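Worksheet for the structure shown next.
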Amino acid sequence: MRPNIHPSARVDEARLWDRHEQMAAIGGFVNEQGHRGVNRAAFSAEDIGARRLLIGWAKARGWAISSDPIGNIFVRRPGRDPDAAPVLTGSHMDSQPRGGRFDGIYGVLAGLEALEAMDDAGVETERPIDLVAWSNEEGGRYQPGTMGSNTFVGGYDFEKMLATRDGDGIELREALAETMSAMKDFAGDLQDRPFNFPIAACVEAHIEQGPRLEADNRTIGVVTGIQGIRWYLTKVFGRTDHAGTTPLRQRKDAVQATLRVIQGFNELMHDPDDVLRFTVARMFVRPNAPSSVANEVEFTVDFRHPDIAVLKERGDKLPGLAAELAAPCTVEMNEMMNMAPTVFPDELINTVEAATRNLGHPYMHLPSGAFHDAGYIAKVAPTTMIFIPCKRGVSHNEAEDATPADCAAGAQVLADTLVALANR
Ligand SMILES: [Zn+2]
């Protein structure tokens, strides 16, 4: 054992960047503004193309390749103890229909780079390290998203997932069978893995998909957790009347009531630290005619925060406040989703932070605003994430961008973190 060698020293920025370019060519297109996007739907020909590339790179290193029943790919770099639970790293390779070149694929390629750097540095670990590419994170073609990781941990029923259909009516069962048979061809020897095998620890690298690292000039985001969400469908009921004849005092105007309700919500949700996320983004007005007072407004409320206490306290106040402010109109508020925040364990956060400090990269702690596969794996194993900046925080967009140096810095932190965890 040569414990003093850090594999980060062998992270190869050019190799990592070249792999992004090769992946970006699969499903790649150029939009109206000249930005290079990616359209790589889960279990499509493009997804299969990405799997072929990844499996080819893994084979070139002589690493064993396996897959569970939903097509999650695992590439194993062996440890000294073949029976020890592995440390897991990776993300997803599918994209939104108009996605970018980094969301998801960065975490897979940074993980691959970390493993290659370990080989190149001659680093051995006690535990094996498995690189994972989770199936269908984005949910663009088959819903729900985070299908691979949440089915892996038992959150989604596998048989139900198989029966889902895409917009063309193609059953997932069929698209998955095609994907699996292609993978068997590429891998030669594709081993079977069960769902939910024991995992010692999991680290997912990802672009931030938000503007905070860039704004603060930090290279690395030490991710503390994933914020929770409460999502409501709100309906305000009034009465439709003639806009020309009905005195305002006699109206039950659903649009005016909605304005009062949203204004009240804004005051309740005010956060001087700007951590809280509150959004009203979809609205229907009925009858939606210029000369008729509205009798109904339907709107969505999307409320997110990393602290469960804030989510509970303020979220619970919304229905009562709405009823009070909407009078004389009435309100019906239904909670459609309530997901608690994920809090990553201190031990893993500290390991990432130590690796980052050791490398001298400027960093900050932050919660993830978006959902990730890591949020589901966190239910069964100690898990954390590493963020790198993305240009202006833009993601799920062809303009998504990151620099070769930041990509390499994240892979360095990941490599040293994985070795520390795999020797524990
Ligand atoms: Zn992603």
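Inspect region 342-353 for any residue being in a strand (DSSP E or B) and not polar (S, T, N, Q) and give the result as yes or no.
Of all residues in region 342-353, those in a strand (DSSP E or B) come to 342-343.
Those still in the list that are not polar (S, T, N, Q) too: 343.
Looking through region 342-353, at least one residue is in a strand (DSSP E or B) and not polar (S, T, N, Q).
In the condition set (1) in the same structural domain as Asp346 (by TED's automatic domain parsing); (2) out of contact with any helix residue (DSSP H, G or I) (no Cβ under 9 Å at 6 or more places or on another chain); (3) surrounded by 18 or more Cβ atoms within 10 Å (Cβ to Cβ); (4) acidic (Asp, Glu), Asp253 is compliant with all but (1). The set of residues from region 212-233 being assigned to a strand (DSSP E or B) and either in contact with an Asp or Glu (Cβ under 8 Å, 6 or more places away or on another chain) or closer than 22 Å to Ala355 by Cβ (or both) comprises Ile220, Gly221, Val222, Val223, Thr224, Gly225, Ile226, Ile229, Arg230, Trp231, Tyr232, Leu233. Taking the criterion of being touching a Lys or Arg at 6+ places or on another chain (Cβ under 9 Å), in a helix (DSSP H, G or I) and surrounded by fewer than 22 Cβ atoms within 10 Å (Cβ to Cβ), the only residue of region 389-424 that qualifies is Gly393.
In region 128-140, how many residues are over 15 Å from the mean Cα position of the chain (by Cα) and crowded, with 24+ Cβ neighbours inside 10 Å? Don't jump to the end; show me each part of the working.
At the first step, the residues of region 128-140 found to be over 15 Å from the mean Cα position of the chain (by Cα) are 128-131.
Filter once more, keeping what is crowded, with 24+ Cβ neighbours inside 10 Å: 129-131.
So the count comes out to 3.
Looking at region 256-263, is at least one residue assigned by TED's automatic domain parsing to the domain that holds Tyr232 and either closer than 23 Å to Ile226 by Cβ or of a type in the set (D, E, K, R) (or both)? I'd like the intermediate steps shown before the answer.
Just the residues of region 256-263 that are assigned by TED's automatic domain parsing to the domain that holds Tyr232, to begin with: 256-263.
From what is left, the residues that are either closer than 23 Å to Ile226 by Cβ or of a type in the set (D, E, K, R) (or both) are 260.
The answer is yes; a qualifying residue exists.
Is it the case that Thr246 is open to solvent by less than 40 Å² (accessible area, probe 1.4 Å), more than 16 Å from the ligand (Cβ to nearest atom) and hydroxyl-bearing (Ser, Thr, Tyr)? Yes: the conditions hold for Thr246. Taking region 208-226 on its own, how many of its residues are more than 20 Å from Asn350 (Cα to Cα) and within 16 Å of the ligand (Cβ to nearest atom)? Looking only at that region, the number is 2.
Among the residues of region 126-139, are any among the small types (Gly, Ala, Ser), touching a residue at least 24 places away in the same chain (Cβ under 8 Å) and away from the ligand (no atom under 16 Å from the Cβ)? No, there is no match, as no residue in region 126-139 is among the small types (Gly, Ala, Ser), touching a residue at least 24 places away in the same chain (Cβ under 8 Å) and away from the ligand (no atom under 16 Å from the Cβ). Scanning region 335-353 for residues that are surrounded by 15 or more Cβ atoms within 10 Å (Cβ to Cβ) and of a type in the set (A, V, I, L, M, F, W, C) yields Met339, Val343, Phe344, Leu348, Ile349, Val352. Which residues, taken from region 215-253, are out of contact with any Lys or Arg (no Cβ under 7 Å at 6 or more places or on another chain) and acidic (Asp, Glu)? Across region 215-253, the qualifying residues are Asp216, Asp253.
Restricting the search to region 96-111, which residues are more than 17 Å from Ala374 (Cα to Cα) and open to solvent by less than 10 Å² (accessible area, probe 1.4 Å)?
Of all residues in region 96-111, those more than 17 Å from Ala374 (Cα to Cα) come to 96-101.
Matches in region 96-111: Gly99, Gly100.
Yes or no, residue by residue, for (1) among the small types (Gly, Ala, Ser); (2) away from the ligand (no atom under 15 Å from the Cβ); (3) under 17 Å from the mean Cα position of the chain (by Cα):
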site: Tyr142; (1), (2), (3): no, yes, yes
site: Gly154; (1), (2), (3): yes, yes, no
site: Glu159; (1), (2), (3): no, yes, no
site: Ile170; (1), (2), (3): no, yes, no
site: Ala187; (1), (2), (3): yes, yes, no
site: Pro198; (1), (2), (3): no, yes, no
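Taking the criterion of being over 16 Å from Lys59 (Cα atoms) and touching a strand residue (DSSP E or B) at 6+ places or on another chain (Cβ under 7 Å), the residues of region 119-137 that qualify are Arg127, Pro128, Trp134, Glu137.
Within region 175-186, residues that are open to solvent by less than 60 Å² (accessible area, probe 1.4 Å) sit with their Cβ atoms under 6 Å from residues that are at pLDDT 95 or above and hydrophobic (A, V, I, L, M, F, W, C), at 6+ positions apart or across chains, in these pairs: Ala175/Phe43; Leu176/Phe43; Thr179/Phe43; Thr179/Ile48; Ala182/Ile48; Met183/Leu190; Phe186/Ile55.
Close contacts from region 77-95, counting a first residue that is under 12 Å from Arg424 (Cα atoms) and a second that is at pLDDT 95 or above and within 16 Å of the ligand (Cβ to nearest atom), with Cβ to Cβ under 9 Å and a gap of 6+ residues or different chains, come to Val87/Cys202; Val87/Val203. The set of residues from region 356-388 being part of a helix (DSSP H, G or I) and either open to solvent by 10 Å² or more (accessible area, probe 1.4 Å) or within 13 Å of the ligand (Cβ to nearest atom) (or both) comprises Arg357, Asn358, Leu359, Asp373, Ala374, Gly375, Tyr376. In summary, strands (runs of 3 or more DSSP E) completely within region 265-328 and bearing 1 or more residues that are open to solvent by 40 Å² or more (accessible area, probe 1.4 Å) and within 30 Å of Gly244 (Cα to Cα) occur at 283-286.
Where strands (runs of 3 or more DSSP E) fall wholly inside region 12-67, the ranges with 3 or more residues that are open to solvent by less than 10 Å² (accessible area, probe 1.4 Å) are 64-67.
The values are calculated or read from the model by the stated rules, or taken from the named source; none is laboratory data. Since we're looking at a predicted model, the values are computed, not measured. No Cβ is skipped: glycine too gets one built from the backbone with ideal geometry, and neighbour counts run over all protein chains shown. SASA here: full protein model, heavy atoms, side chains in, ligands and nucleic acids out. Shrake-Rupley method; radii C 1.70, N 1.55, O 1.52, S 1.80 Å.
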